[in-house]
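The block underneath contains the structure these notes are about, expressed in structure tokens.
The values are calculated or read from the model by the stated rules, or taken from the named source; none is laboratory data. Small disclaimer: the values here were computed from a predicted structure and weren't measured. Every residue, glycine as well, gets a Cβ built from its backbone with ideal geometry; the counts of neighbours run over all protein chains shown. The protein model used for the area step is the full one, side chains on, heavy atoms only, and it has no ligands, DNA or RNA in it. Shrake-Rupley method; radii C 1.70, N 1.55, O 1.52, S 1.80 Å.
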Amino acid sequence: MKTKTKFMLATAATATAAAGYYGLCQAAYNRFVKRGAGTSLQTEPQSDDSEKQQRLQQYQAWYGGCRTDDLTLTSFDGLRLHAVQIANHPKQHRWAILVHGYGADSLAMLPRAMEFDRRGYNVLLPDCRGHGLSEGSYVGFGWHDRLDLIGWINKLTELDAQCEIVLYGLSMGAAAVMMACGEPLDSRCLCAIEDCGYTSVDQIATFQLRKTYGPLTKPISLGLGTLIRSRCGYSVWEADCRTQLAKAQIPMMFIHGEEDDFVPFDMVFECYYACASEKELYTVSQAGHAQACRNPNYYSRLFRFIDQARKQRALLSQQRSQSR
């Protein structure tokens, strides 16, 4: 075979392989990153159809009687972001910002919002970029969402100068909360709670890709990371909750179901030990992803942590006043 022919065949084979590799990476991007990717994960305890319907009617009835408003915000990169405000306690200045998970939207947090409302909290439910009524062509996996969350914090402080803010995130929303806590936060942020968040975008992407691509995971992960950098404007290798938590200054609570097969259970320990601020760890046996809330002690533990954070802040404030 002539050298020229061999060269042409080799070139064609290389081009075909490159096109195939790009196609696989593009398919992974469409499946995991492009707006509309993923499906909303169940966020409430498993139950039979009749119980599920009853609970749904309960949430709808509660929400229908709430004082609600739609808020908007322009992100750092010009996206129009949306959030639902539930302010049933106008004379109270306690607020909770509840951040939903991958493939969901703000209304998926209604069951948790109802629990905060019962305890006298006003609630803000943002739609993460690329979800719900917020603009965005891609899923942020918490990294750009951390800056969006800071934008919502600033929005609340403008609406209520006396506000006291609790940050709460579920799954991807938990990653957004952890990543936000590595940035300078308004002093009115009391504490943060993350439920079933992951260590980093790179690690959770690799974990999920392995389920689909097996031995091709590493090259697909590298190609997907390149697409995210070029299309979304950030690197999956910089989007690390542990690095951010090393700079955290407000109390943090870490929650995870021990049977989680979507975000590996071991990740909670890496995040917990990376956190530089005061912290508490709460793991729930026989609970899958986003299912820790089915434990009857879940909300009592959660609000006990918040109350302790409030008492600690009051004590520190008193000590500072006495030292002046």
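If you go through the stretch 105-117 one residue at a time, do you hit one that is in contact with a strand residue (DSSP E or B) (Cβ under 7 Å, 6 or more places away or on another chain), surrounded by 18 or more Cβ atoms within 10 Å (Cβ to Cβ) and assigned to a loop (DSSP other than H, G, I, E, B)?
No, there is no match, as no residue in the stretch 105-117 is in contact with a strand residue (DSSP E or B) (Cβ under 7 Å, 6 or more places away or on another chain), surrounded by 18 or more Cβ atoms within 10 Å (Cβ to Cβ) and assigned to a loop (DSSP other than H, G, I, E, B).
Only one of these conditions is not met by Ala176: (1) within 14 Å of the chain's Cα centre (by Cα); (2) in a loop (DSSP other than H, G, I, E, B). Which number is it?
Tallying (1) within 14 Å of the chain's Cα centre (by Cα); (2) in a loop (DSSP other than H, G, I, E, B), Ala176 fails exactly one: (2).
Note down all Cβ pairs under 8 Å where the first residue falls in the stretch 82-101 and is under 22 Å from Asp307 (Cβ atoms) and part of a loop (DSSP other than H, G, I, E, B), the second is open to solvent by less than 20 Å² (accessible area, probe 1.4 Å) and of a type in the set (Gly, Ala, Ser), and they're at least six residues apart or on different chains.
His89/Gly120; Gln92/Gly120
Per-residue answers, yes or no, for (1) farther than 22 Å from Asp145 by Cα; (2) basic (Lys, Arg):
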{"residue": "Val201", "(1), (2)": "no, no"}
{"residue": "Lys211", "(1), (2)": "yes, yes"}
{"residue": "Thr217", "(1), (2)": "yes, no"}
{"residue": "Ser235", "(1), (2)": "no, no"}
{"residue": "Pro251", "(1), (2)": "no, no"}
{"residue": "Glu270", "(1), (2)": "no, no"}
{"residue": "Lys279", "(1), (2)": "yes, yes"}
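Please verify whether Tyr282 is farther than 30 Å from Tyr21 by Cα and either among the aromatic types (Phe, Trp, Tyr) or within 19 Å of the chain's Cα centre (by Cα) (or both), treating the condition exactly as stated.
Taking the combined requirement at face value, the residue satisfies it.
Of everything in the stretch 279-324, what is under 21 Å from Cys189 (Cβ atoms) and among the polar types (S, T, N, Q)? Give them in sequence order.
Of everything in the stretch 279-324, those that are under 21 Å from Cys189 (Cβ atoms) and among the polar types (S, T, N, Q) turn out to be Gln308, Gln312, Ser317, Gln318, Gln319, Ser321.
Please state which one of Gly20, Gly38, Gly78 is part of a loop (DSSP other than H, G, I, E, B) and either at pLDDT below 90 or open to solvent by 80 Å² or more (accessible area, probe 1.4 Å) (or both).
Gly38
Does Phe76 fit the bill of being closer than 22 Å to Val33 by Cβ and touching a Leu at 6+ places or on another chain (Cβ under 6 Å)?
Here the answer is yes, as Phe76 does meet what is asked.
Only one residue in Cys163, Cys181 is of a type outside the set (D, E, K, R) and surrounded by 24 or more Cβ atoms within 10 Å (Cβ to Cβ), so which one is that?
After applying the criteria, what remains is Cys181.
In the stretch 187-210, how many are crowded, with 19+ Cβ neighbours inside 10 Å and part of a loop (DSSP other than H, G, I, E, B)?
4
So Tyr213 clears everything in (1) part of a loop (DSSP other than H, G, I, E, B); (2) surrounded by fewer than 19 Cβ atoms within 10 Å (Cβ to Cβ) except one condition, right? Which one?
(1)
Looking only at the stretch 149-160, count every residue that is open to solvent by less than 10 Å² (accessible area, probe 1.4 Å) and more than 13 Å from the chain's Cα centre (by Cα) and tell me the total.
3
(1) open to solvent by less than 20 Å² (accessible area, probe 1.4 Å); (2) hydrophobic (A, V, I, L, M, F, W, C); (3) part of a loop (DSSP other than H, G, I, E, B): which one isn't true of Phe141, the others all being true?
(1)
When you go through (1) touching a strand residue (DSSP E or B) at 6+ places or on another chain (Cβ under 8 Å); (2) in a loop (DSSP other than H, G, I, E, B) one by one for Ile165, which number turns out not to apply?
Only one criterion is unmet by Ile165, namely (2).
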